[in-house]
There are 2 protein chains.
Amino acid sequence: MNKMKNNCYGICFFISVAINILLCIGIYLYIGGARRRDMKQEISWQSSLTLTWTEKAAAEAEAVAAASCSGHGRAFVDRLTSDGQPVCECFNCYSGSDCSVYSLECAAVVTSGDLTFLEPFWIQNAANTAVVISGWHRMSYNYAHGTKMLTELENCIRKLHSIAGNAVTEGRYMVFGVGSAQLLSAAVYALSSGNSSSPSNVLASIPFYWLFRDQTSFFSSKYFEFEGNTNSLQSKNSTNNQDVIEFVTSPNNPDGELKKPVFGGKAIYDQVFYWPHFTPIPEPSDQDIMIFSLSKLTGHAGSRFGWAIIKDRDVYEKMLLYISMSDVGISQDTQLRALKILETTIDEDGKPFFEFAYTKMTERWDRLTSAFSKSTRFSLQNRHPFHCNYFNETRLPTPAFAWVKCEREEDNDCRAVLEAGKIISLSGSRLSATDRYTRVSLTVRQDDFELLMIRFTNLISLENGSLQTM
Amino acid sequence: MNKMKNNCYGICFFISVAINILLCIGIYLYIGGARRRDMKQEISWQSSLTLTWTEKAAAEAEAVAAASCSGHGRAFVDRLTSDGQPVCECFNCYSGSDCSVYSLECAAVVTSGDLTFLEPFWIQNAANTAVVISGWHRMSYNYAHGTKMLTELENCIRKLHSIAGNAVTEGRYMVFGVGSAQLLSAAVYALSSGNSSSPSNVLASIPFYWLFRDQTSFFSSKYFEFEGNTNSLQSKNSTNNQDVIEFVTSPNNPDGELKKPVFGGKAIYDQVFYWPHFTPIPEPSDQDIMIFSLSKLTGHAGSRFGWAIIKDRDVYEKMLLYISMSDVGISQDTQLRALKILETTIDEDGKPFFEFAYTKMTERWDRLTSAFSKSTRFSLQNRHPFHCNYFNETRLPTPAFAWVKCEREEDNDCRAVLEAGKIISLSGSRLSATDRYTRVSLTVRQDDFELLMIRFTNLISLENGSLQTM
């Protein structure tokens, strides 16, 4: 009995000791492994967190971008509450601190030249288009070598034109401006007669962008004045011996047609819309002065960046002098941002960008044309297909604006007719045409375009009813 | 014997079991604790690694900033090699791909108005002044409510002036421009007579900033012309019945003196230097039009940002119209950057910033004055102490420029005299004064200032030798 008990305790003891040993080995292995895991984590932690001085600004930008604003607004880093929270800026028809309140009777506002329909593309390309600007970025007036234009940006723009095939840049000069607006004025100064007893007559063909007249008149120069529109017979007769400067907008604002000059003299080509998303590109433009802008290419109107491509050296130097006299060069922050945006624009020969934009514009024109096909009251500008080198196909133009005409005799204020149907557009007289026309922007956000289509569809569906029904 | 053996096994068994139990309890506590640590790390990990779309740009910015360029150059994110490596832009006197090659015979270049002496302050404040701009930041022409000026920035500037005590802003209007340069021109347009048969005479007192004349003449308006300097008797006699617009620069460029108008009529105050680092601030300036710039406050000349504070509503609206006609508003990227920089400038009532800047300027003036005290050939502008409200002490002005005069009769081209001593300065005639004066910038980098002092000390030490020695 005792021997059995002995054996029992002995066996149990040895089993227990074996368990002790196994537990100890297990603990050793586990703790050691945990330490190595911790160390590995430590190293990965270190290598992911190599961000130091940029981290705060980056985190803030991401937090602001993450503010959903109910999907109907946007928050930006330059506008935060006093405790650093994003502030939602609501899209048209929405309100409330989180933009969740919808106004049913809201009008579609389609007056602006904004290209916000491109915003989703830039959101999709967030990582490649984010820019971090340090507090000490480019403090000097000049870049290295004393210039005020970023060489990398100029090279990128030349490459862009080569890819899009829309302008000859080889052997040409380039000048940057605060938007195309500043370059229009610079070009007028550069081309003007320099003779105060015979100032240059500045002209444009109706319909034309109002800035041509307003800006030219505003500067009240001794050497040029805004004469008016090219169609007027008086202009034609009176310019025989006078110095003429003609604005040629091609594609035109608002109708999107490719234009040629009326006179054979000095011309300033405003070609801000000459891109594959708005028009077929039959050939690279080859004019003495061609002006483009970021606003109408990528949609970054708020950045205020444009460029001119110039043939003549003397004209180039005069335009450069204009920029210098006006404001001692343009913002280097803006030039950095333009570089980042355009580097992504030209990625993969521009295909992702131009296909995105062109697809959107085509969809919109298809829907608009379809809606207007049911109307006798309203018409759109004619569009004729022609060959596009960029997309290598024959296609219709897809202009930024619908140039809507009210066909009924009594509808001589087309803007008012649309306003009664809750569409806010830009009257034809703003573009020196008649008010029988009104300009409707098609480059708005998708929500705004959907609302526009609802409003147009409603208006058109009422056509068979009487005016009183309206 | 057996009983003893029994007891021994029994006790050992129970000890072993107790050890097992303790081991098990220990393992439970350890592993549980480790899990909780892991979970906590997991959460912190998540919150530190929430950076997604900004990470690439942030990492690139930090990598570029980390390029040492041997301490004698700077790399920027807008200029990388084709494989994404930083490119060193070398400071004066240095060259080579890493800026390590020093040119012994290098001249001190002190012509520019850059405030690069402030760069170290912005590097020290890297985290607070970094800006991350998303690819979709502010694409529209306008901010919310249809404006082109960022309200937060306007408020920040008003606060800045209140802190510095250098300008009255309450009840005043504000206009932003592309640098102070654009606002000078906007002000002339706004104040001009509007009568082409009696254009306004634009005047300034010698010495004056060349842009007043060059810009005013360039725009060749029917309604104003640059008449000349206020000191000329002819001007005084001929302006009795004429419309006068006077530029008053206070503190003056180049001598740093506080100025008053010569005529009692319309005046545009260029007050870009009226900050505590350049002059005592005896009172807040209270003029009809006061123009300031980021360039001469924080040193961010490349950003091209200025503002005007305006009393009269009509003048304000005309200046706003000028900006609108010139370039449809100023860059919203630049306005964001200005906001970030100015928010740090006004931190702690501006003390870290203004003390940094003022200390540097005082050191430099002390050293310069000491060196010039040994000279009879060269003299500096007189400086008289007066009370500064900001620093609450009586102190000397510490102007951005030394207005050096060559006292020897034969030294009538002072710029050339300094150039022979390897100092490149700006001749007095550029500021409509005589070439007996030359302007030397004291706001350069520390390395450049050290070189300037070496060159001046050399020049001055040679004074007792003959001219042939020079």
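How many residues are modelled with pLDDT of 85 or more and either surrounded by fewer than 20 Cβ atoms within 10 Å (Cβ to Cβ) or touching a Gly at 6+ places or on another chain (Cβ under 6 Å) (or both) when one looks only at the stretch B:228-252?
Adding up the residues that qualify gives 4.
Among (1) over 30 Å from A:Ala190 (Cβ atoms); (2) of a type outside the set (Ser, Thr, Tyr); (3) within 14 Å of chain B (Cβ to nearest Cβ); (4) without any contact (Cβ under 8 Å) to a residue 24 or more places away in the chain, where does A:Met325 come up short?
Condition (1) is where A:Met325 drops out.
Quick check on B:Leu153: is it in contact (Cβ under 8 Å) with a residue 60 or more places away in the chain, within 14 Å of chain A (Cβ to nearest Cβ) and either part of a helix (DSSP H, G or I) or surrounded by fewer than 19 Cβ atoms within 10 Å (Cβ to Cβ) (or both)?
In short, yes.
So, of the residues in the stretch A:373-424 that are part of a helix (DSSP H, G or I), surrounded by 18 or more Cβ atoms within 10 Å (Cβ to Cβ) and aliphatic (A, V, I, L, M), which turns out to be nearest to the chain's Cα centre (by Cα)?
The qualifying residue nearest to the chain's Cα centre (by Cα) is A:Leu418.
Being facing another protein chain (nearest Cβ under 7 Å) and touching a Gly at 6+ places or on another chain (Cβ under 8 Å) is the filter here; which residues of the stretch A:296-322 pass it?
Across the stretch A:296-322, the qualifying residues are A:Ala301, A:Arg304.
Among the numbered conditions (1) surrounded by 22 or more Cβ atoms within 10 Å (Cβ to Cβ); (2) β-branched (Val, Ile, Thr); (3) more than 7 Å from every other protein chain (Cβ to nearest Cβ), tell me where A:Val109 comes up short.
(1)
If we scan the stretch B:345-362, do we find a residue that is surrounded by 24 or more Cβ atoms within 10 Å (Cβ to Cβ) and aliphatic (A, V, I, L, M)?
Checking the stretch B:345-362: at least one residue is surrounded by 24 or more Cβ atoms within 10 Å (Cβ to Cβ) and aliphatic (A, V, I, L, M).
Return the only residue of A:Phe121, A:Phe76, A:Phe117 being surrounded by 14 or more Cβ atoms within 10 Å (Cβ to Cβ), of a type in the set (Phe, Trp, Tyr), part of a loop (DSSP other than H, G, I, E, B) and at pLDDT 90 or above.
Checking each option against the conditions leaves just A:Phe76.
Is there a residue in the stretch B:328-345 that is touching a residue at least 12 places away in the same chain (Cβ under 8 Å), β-branched (Val, Ile, Thr) and farther than 28 Å from A:Met325 by Cα?
Yes, the stretch B:328-345 contains a residue that is touching a residue at least 12 places away in the same chain (Cβ under 8 Å), β-branched (Val, Ile, Thr) and farther than 28 Å from A:Met325 by Cα.
Restricting the search to the stretch B:50-65, which residues are more than 7 Å from chain A (Cβ to nearest Cβ) and within 22 Å of the chain's Cα centre (by Cα)?
Across the stretch B:50-65, the qualifying residue is only B:Val64.
When you go through A:Ile309, A:Ile330, A:Ile346 one by one, which is the residue that is of a type outside the set (Gly, Ala, Ser) and modelled with pLDDT under 95?
A:Ile330
Is there a residue in the stretch A:441-450 that is of a type in the set (Lys, Arg), more than 20 Å from B:Met139 (Cβ to Cβ) and surrounded by fewer than 23 Cβ atoms within 10 Å (Cβ to Cβ)?
Looking for residues that are of a type in the set (Lys, Arg), more than 20 Å from B:Met139 (Cβ to Cβ) and surrounded by fewer than 23 Cβ atoms within 10 Å (Cβ to Cβ), one finds none in the stretch A:441-450, hence no.
For A:Phe121, state whether it is touching a residue at least 24 places away in the same chain (Cβ under 8 Å), under 17 Å from A:Phe449 (Cα atoms), facing another protein chain (nearest Cβ under 9 Å) and touching a helix residue (DSSP H, G or I) at 6+ places or on another chain (Cβ under 6 Å).
Judged against the criteria, A:Phe121 is a match.
Out of (1) at pLDDT below 90; (2) under 27 Å from the mean Cα position of the chain (by Cα); (3) charged (D, E, K, R); (4) not in a helix (DSSP H, G or I), what's the single condition that is false for B:Glu225?
Looking at each condition in turn, B:Glu225 falls short on (2).
Mind telling me which of the residues A:Ser95, A:Ser197, A:Ser162, A:Ser100 ends up being touching a residue at least 24 places away in the same chain (Cβ under 8 Å) and among the small types (Gly, Ala, Ser)?
On inspection, the qualifying residue turns out to be A:Ser100.
Within the stretch B:296-306, is even one residue surrounded by 24 or more Cβ atoms within 10 Å (Cβ to Cβ), polar (S, T, N, Q) and either without any contact (Cβ under 8 Å) to a residue 60 or more places away in the chain or under 24 Å from B:Leu396 (Cα atoms) (or both)?
Yes: one or more hits.
Determine whether the stretch B:174-189 contains at least one residue that is in contact with a strand residue (DSSP E or B) (Cβ under 7 Å, 6 or more places away or on another chain) and without any contact (Cβ under 8 Å) to a residue 24 or more places away in the chain.
For the stretch B:174-189, residues in contact with a strand residue (DSSP E or B) (Cβ under 7 Å, 6 or more places away or on another chain) and without any contact (Cβ under 8 Å) to a residue 24 or more places away in the chain: absent.
Is it true that A:Gly264 is in contact (Cβ under 8 Å) with a residue 40 or more places away in the chain and either closer than 30 Å to A:Trp403 by Cα or surrounded by 23 or more Cβ atoms within 10 Å (Cβ to Cβ) (or both)?
When the stated conditions are applied, A:Gly264 does not pass them.
Please specify each residue of the stretch A:173-205 satisfying the condition of being away from every other protein chain (no Cβ under 11 Å) and within 23 Å of B:Asp327 (Cβ to Cβ).
A:Tyr173, A:Met174, A:Val175, A:Phe176, A:Ala187, A:Val188, A:Ala190, A:Leu191, A:Ser200, A:Val202, A:Leu203, A:Ala204
Got a number for residues in the stretch A:125-150 being part of a loop (DSSP other than H, G, I, E, B) and among the hydrophobic types (A, V, I, L, M, F, W, C)?
Counting residues in the stretch A:125-150 that are part of a loop (DSSP other than H, G, I, E, B) and among the hydrophobic types (A, V, I, L, M, F, W, C) gives 5.
In the stretch A:144-193, what residues are of a type in the set (S, T, N, Q), at pLDDT 95 or above and over 25 Å from B:Ser303 (Cα atoms)?
A:Ser162, A:Asn166, A:Thr169, listed by residue number.
Condition check ((1) within 9 Å of chain A (Cβ to nearest Cβ); (2) touching a His at 6+ places or on another chain (Cβ under 8 Å)) across all residues:
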residue	(1), (2)
B:Pro86	no, no
B:Phe91	no, yes
B:Glu105	no, no
B:Ser134	yes, no
B:Tyr143	yes, no
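Conditions (1) at pLDDT 95 or above; (2) out of contact with any Phe, Trp or Tyr (no Cβ under 8 Å at 6 or more places or on another chain), marked per residue:
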{"residue": "A:Pro261", "(1), (2)": "no, yes"}
{"residue": "A:Tyr269", "(1), (2)": "yes, yes"}
{"residue": "A:Val272", "(1), (2)": "yes, no"}
{"residue": "A:Phe292", "(1), (2)": "yes, no"}
{"residue": "A:Ser295", "(1), (2)": "yes, no"}
{"residue": "A:Arg313", "(1), (2)": "yes, no"}
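For residues in the stretch B:332-361 being more than 14 Å from chain A (Cβ to nearest Cβ) and out of contact with any helix residue (DSSP H, G or I) (no Cβ under 6 Å at 6 or more places or on another chain), which is nearest to B:Val178 (Cα to Cα)?
Result: B:Phe354.
The values are calculated or read from the model by the stated rules, or taken from the named source; none is laboratory data. Every value quoted in this text rests on a predicted model; they were computed, and no experiment measured them. Counting neighbours? That spans all protein chains shown, and the Cβs are built from the backbone with ideal geometry, glycine included.
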